[in-house]
Every structure is written in C-alpha cells, then in structure tokens.
Amino acid sequence: MSRLNRRRFLRGTLQGAAVSVALPFLDAFLDGNGKALASGRSIPTRFGTWSWGLGMNRDVFVPKKTGANFDLPPEIAPLASVQQHINLFTNFDVFKDDAPNLCHHSGWVVLRSGTAPTSRPNRPGETIDVSIARKLGNQTRFRSLSATATGDVRDSFSYEAGNSVNAPEWSPLRFYQRLFGADFQNPNAETFTPDPRLMIRKSALSSVQEDAKKLNQSLGAEDRARLDQYFTGIRDLERRFDLQLTKPDPLEACVISENPEDLPSGLNADLVSKRHRIMTDLMLMAVACDQTRVFNMFYASAFSATTKPGYDKPHHTATHEEAVDEKLRYQPNVSWYTRRAMEEWAYYVQSLADFREGDGSLLDNSLIYATTDQSFAKMHAIDGIPMFTAGNAGGKIKTGLHIDGGGSPGCRLGYTAQRLMGLDIESWGTKSNTTSAAIGEILV
C-alpha cells in the first residue's frame, strides 16, 4: 500500500491519449491512525460560512444554561440532532461607533469584515472567507465557492472589496454545470453537436475501469466499499452524460429560456428548503473531493423575503408588522421562519457530519462559521447577535457549548476562526470592534 497516495489517479487511454480520474480520500492514503495522510501531512482543514436572515426572538432562542448540555428553547429545538457538533454564541455585540445603524446591513458586515460600514455601498475591508481563502485556497481548483438558496445572484455575504462582491451560485443546475461540466442540449435544435468535453469525460470514466479493477485488488474491505460508493456516483454522472450525448426527441412544449433552471423561482419556504438542500449536497461533493477548501452557503438574505404557506407576509415584513404576542412574548409567525432556518442549519451540519473521512467525518476537519444580520429584527437591534460554529477544525476546538459573550465584541469569533485557520494576525476589527481576545472556552 505504500505506493498509493492521495495524488494517485486511475489511468486509461482514449484513442492513444492518456486519461485519468482522481480518487477521493481513502483509508489507504492515511496513516495507521486515520488522522493524517500517509506522507505525514495532515488531512486538509476546511473553512465554511453559513448565514440566515433576521436574527431571532431572544426569549425562545437563547438558552438559559451556558457551557455543555445547554437547553434548547423552541426556536433552536431543531438543532437537537446536531447539538454535539455545534457551538452557540450569544450576548456578543456589534458596535457601529460613529457610523449609522444600517438596517440589515451593519450587523453582518461587522461580523464578517470587522468594520462598521458608513453606507450601504461602502463595504469595508474584505470578508473573513476571502482572507482565509488566500491562506487555504491556493491548492484547489476553486479558491472558494459560494451558493445561495434564495435563487438570487445578488444575495451574497462575501466580498473582496467595496465593488467586488463574490456572486454566489444561485441555480442548482448551474452549480452542477460548474462543478461537473454538464451542458444543456436544446431538443428543438436542427442539428446536434455533442460537446467534446462531455465525450472525453464519458470515455474517460469508462476507460479507467481496468486500472480500477487492479486498484480494488490491493485495497482493504472498507476502502473497496468506499470506492464502490464513489464509482456508483460516477456511474450516475455517466448516465447523465449519456443523456447529454444523445439527441433528444423534439418537444413542442420545450421553450428554452436564457437561463434554464431545474427548480422554479420563488421564495416559498418549502422551495427554499429544497434548493438549500440540493446546493448543500453539491457543495459537499466539491469539498469532499478537495475541489475547494473555503465555501459559503447563504440560506436567506438579510432582508429575507421567504414566504410561509397560508400566511400573507414574507419574513422581513412580518418582523416589523407582526405584534409580539403578550402571552407567548414573541412573534409567532416570525418565530416560525426562524425555526425553518434552524432546520436547514441542522441539515447542513448533519450532511457534513455524515460524510466519513479518515477516522472521523468531513465536519471534524472543518470549521463552519454561521452568522445573521440582526438580533431582534423588529427593532433593527445589533446587540446580542447570535452566532454559531460547527465542526472541530481538525481537532482544534471543542463543540457542544453555549458561550455567553457578556457584551464583548462579536468580532472575537471571527478573530478566533482566522487564527484557527492559520492566519498570523495579532488583532482583528477596527475601533470598538477591534479585538485580540480569542474565545478560549472553545479551544482545545
């Protein structure tokens, strides 16, 4: 097995030309403990962000207990299945200093850039995913990847400078095309010219089977099972390629739009959930196959316009127009939206936790940083904005904790994340948001 390493490719020939297919991480590539590559280098650590819109209702979101085994109030009850994988941070503040409180803007900009914006067009500095990508992203196909579940390319929480916003993938079909190169074929076209890239890929996938059989003979039972799962995925892709390479029958009802999508547009909560889960699964494939080590998932925009079936107000409108129920002490419909967001956060975390890597999971080798734009959206409050992390960052942090920040800068978490990802910074943030204090309670 010493001749195998993670750079090993399955090789074949196509019309006399060499072709190759990369392999996922196998146990054979790791040391005997499953904690590092056989070469001695660590399994790569990944950094991701996740975002939801419009904060929370404090009375039904913030646990009464801090530390481990914290209670789960109704709004975060959906996180029960992933509680051991996450940390919750509450009572951390965002400071606007001499800048205005830009509704649904100041909060997330400070938490991701360290600086309060003076106007909406003003995006100071760069977001932490960009800073971390400069450190982690130079050895992968994509320095970073972003996706949104809103279906709107404008909904981004990532930027390199004021005029350089990182546009997210907004359509699952387009995201799939970017990752795997599939192209839509018009069934009503008079002629059909298969994309040569697809022809090569289809042939490449089938041409490495001999090498794959030889490799299988040298693997243990668990790696054979993992490789079989990998090839099942490849065969599924190959079937999709076959469809692309076969001229479809004409369809009178088929009208090709400029930007064909596989999901309809719209912000119904069920549709947003479906779009989010497809995007999550695609992003997981990209990360697990080491196409990127820095990634962003945006569940909702800051001005979230997600709609609830049977209710006439979208999320943002509801935060301002729905009264606080005197008996419940929160806004019932607004709380429903937050609970749906937490369901999707749980799906995202669980998806990473379920993907085995070495002696642990993909989540164990990742750090996910989750933020929102407000604390109590009805009042555009930016004090006590909640945040989450998920994952162990390669064994560097503890999970399952609720941390009360005591009114300290929310930028402490961003500073901690950047230090964990290897950035050599003494402090982060500006003016009142400046901090050099890591959140030591979560550090191993």
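Ligands, DNA and RNA are left out, and with a 1.4 angstrom probe the accessible area of the range 59-141 is 39 Å² per residue.
Among the lysines, which fall within straight-line cross-link reach of residue 135, defined as a Cα-Cα distance under 18 Å, with same-chain neighbours fewer than 8 residues apart omitted? Within reach: 396. Counting only protein heavy atoms and a probe of 1.4 Å, the accessible surface of the range 300-355 is 51% carbon and sulfur.
Whole-Hz Karplus values for the range 87-100 come out as 10, 10, 10, 10, 6, 9, 10, 10, 10, 8, 6, 8, 8, x Hz, taken residue by residue from phi with 6.51 cos²θ - 1.76 cosθ + 1.60 and θ = phi - 60°; glycine and proline positions read x.
When only the Cβ of Lys, Arg, Asp and Glu is charged (+1, +1, -1, -1), the dipole of the range 372-444 relative to its Cα centre reaches about 80 debye. Per residue, the range 365-440 exposes an accessible area of 31 Å² to a 1.4 Å probe, with every protein chain left in place.
When a 1.4 Å probe is rolled over the protein heavy atoms, the share of accessible surface on the range 63-142 that falls to carbon and sulfur comes to 51 percent.
For residue 122 and residue 59, the difference between the fully extended length at 0.36 nm per residue and the C-alpha to C-alpha distance is 19.3 nm.
In the context of the full protein assembly, residue 315 retains an accessible surface of approximately 10 Å², using a probe radius of 1.4 Å and ignoring ligands and nucleic acids.
Looking only at the range 299-316, which residues have a backbone nitrogen under 20 Å from a spot 7 Å from the Cα of residue 328 in the C-beta direction? The answer is 304-316, whose backbone nitrogens lie closer than 20 Å to the label point. Here the gap between residue 277 and residue 84, fully extended at 0.36 nm per residue and compared with their Cα-Cα distance, gives a gain of 67.4 nm.
Can you give the net charge of the other residues whose Cβ lies under 9 Å from the Cβ of residue 438, counting K and R as +1 and D and E as -1? Net of charged neighbours comes to +2. Here residue 305 and residue 139 are evaluated by their C-beta separation; at R0 = 41 Å the FRET efficiency comes out at 0.60. Each residue of the range 375-390 was assigned a 3J(HN,Hα) from its phi angle through the Karplus curve 6.51 cos²θ - 1.76 cosθ + 1.60 (θ = phi - 60°); the sequence is 9, 9, 5, 4, 9, 6, 6, 10, 8, x, 5, x, 9, 10, 10, 9 Hz, with glycine and proline shown as x.
Between residue 42 and residue 437, the contour length at 0.36 nm per residue exceeds the alpha carbon distance by 139.5 nm. Under 5 Å from the amide H of residue 49 lie the amide H atoms of 295, 296, 297, 369, each residue being 5 or more positions distant or on a separate chain, with H modelled from the backbone and absent for Pro and chain starts.
The values are calculated or read from the model by the stated rules, or taken from the named source; none is laboratory data. If you're wondering where the values come from, they're calculated on a predicted model, not measured in any experiment. Virtual Cβ from ideal backbone geometry, glycine too; neighbours counted across all protein chains shown. Side chains are part of the model used for accessible areas, which takes the heavy atoms of the whole protein and leaves out ligands, DNA and RNA. Shrake-Rupley method; radii C 1.70, N 1.55, O 1.52, S 1.80 Å.
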